[in-house]
Amino acid sequence: MDMKRVKDYLYWLYYQYQLVTCSYVLEPWEQSMFHTITVTVLAMVVYTAYVFVPIHVRLALEFFSQIFGPQPESAA
């Protein structure tokens, strides 16, 4: 894979991020604060999903397995 194309693609993604968030109109110190807050919130969301989603999925599976009961075994 060509490193220049990867670099250009990452630059394009960052440019799209700036356009969507309108952070290109901010001053440099405002941009750094905005990016810091955005990264912090994103990290908290990912951590929360990593910790709590598996617990909720397990509880949901237990709940539905109690409602529908054990599955009948096939007669083979």
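Values in this text are rule-based calculations from the coordinates and carry no lab data. The shown structure was predicted, so the numbers you read here are calculated from the model rather than taken from an experiment. So basically every Cβ, Gly included, is an ideal-geometry build from the backbone, and we count neighbours across all protein chains shown.
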Using the Cβ atoms and a cut-off under 13 Å, what net charge is assigned to the surroundings of Tyr11, where Lys and Arg are +1 and Asp and Glu are -1? +2
Among [x] 52; [y] 62; [z] 75, only one was calculated for this model; which label is it, if the read-out is percent of Cα pairs over 15 Å apart? [z]
Once you've got the GNM for the chain with C-alpha springs shorter than 10 Å, pick whichever of Leu26, Leu13, Leu42 has the biggest mean-square fluctuation. Leu13
Towards the positive end of the charge dipole of the chain, with charges on Cβ (+1 Lys, Arg; -1 Asp, Glu), say which of Phe34, Tyr50, Leu13 has the farthest Cα. Leu13
Using the per-residue mean of other Cβ atoms lying within 10 Å as a proxy for protection, in what order, highest first, do the peptides 53-59, 29-35 fall? 29-35, 53-59
